[in-house]
Amino acid sequence: MKYPIAIEPGNDTSAWGVVVPDLPGCFSAADNGIDEAIENAKEAISLWIEDAIAHKEAIPRPSSITDLQQSGEYDGWIWAIAEVDPALIDDTIERVNITLPRRILALLDQRAKSAGETRSGYIAQMTLTR
């Protein structure tokens with residue numbers, strides 16, 4: 001997924017500001033230029049999407065830069081694209097094969113059972129809450 005981002009240029013005394021217009025409240029900043037601003041925006045977008053999924057909120061589709069520029073809200077800002085992995089919003093079930101020592105697997109199964117989860121459910125829950 002490719003989200004347009006608006007970047008407010010920084011200088012020696014202020015950071016580069018970044019806004020993701022399609023994702024309300026999603027913003028970031030960078031001290032070391034446009035490349036860092038784009039990378040930080042990718043992280044902010046990923047976290048925003050993760051939070052939206054956790055709260056069962058809709059994830060807006062990316063707009064075109066042309067449409068966003070017409071609003072005039074970010075005149076003088078630099079436009080760029082922050083690309084994030086579409087797997088972030090893909091809930092397709094996928095079977096995986098992992099290798100663990102038996103003692104770790106036994107501990108994992110014990111903790112999953114205590115939590116009232118399956119092994120897979122427990123691993124997924126740990127991933128989402130850490």
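Scan segment 24-71 for GluC sites (Glu not before Pro) in coil per DSSP, keeping those whose Cβ has at most 13 other Cβ atoms within 10 Å, and list them by number. Don't skip to the answer; put the middle values down first.
Working: sites: GLU36, GLU39, GLU43, GLU50, GLU57; in loops: GLU57.
Passing sites in segment 24-71 are GLU57.
Here Rg and Dmax of the Cα atoms in Å was computed from the coordinates, and among (i) 14.1, 45; (ii) 15.9, 51; (iii) 19.6, 60 the match is (iii).
Between the beta carbons of LEU100 and ASP51, assuming R0 = 35 Å, the FRET efficiency works out to 0.70 to the nearest 0.05. Working from Cα pairs under 8 Å separated by at least six residues, relative contact order for the chain is 25 percent. Along the Cα-to-Cβ line of ASP85, 7 Å from the Cα, sits a label point; which residues in segment 48-74 have backbone N less than 16 Å from it? Those under the cut-off are 48-51.
Sparse packing (at most 11 other Cβ atoms within 10 Å of the Cβ) combined with a DSSP loop state is found for the following trypsin sites (Lys or Arg not before Pro) in segment 1-94: LYS56. What is the sum of charges, Lys and Arg at +1 and Asp and Glu at -1, for the other residues whose Cβ falls under 10 Å from the Cβ of SER28? Net local charge, SER28 excluded: -2. In plain terms, the chain from ASP31 to ILE78 could stretch by 15.4 nm, reckoned as 0.36 nm per residue minus the Cα-Cα distance. Calculate the length of the line joining the C-alpha centroid of segment 66-130 to that of segment 7-48, in whole Å. First find each Cα centre; the distance between them is then 22 Å.
The numbers here are math on the coordinates, done by the rules we state, and not lab data. Everything quoted here is computed from the prediction, not taken from an experiment. With ideal geometry, Cβ positions are generated from the backbone for all residues, glycine too; neighbour counts draw on all protein chains shown.
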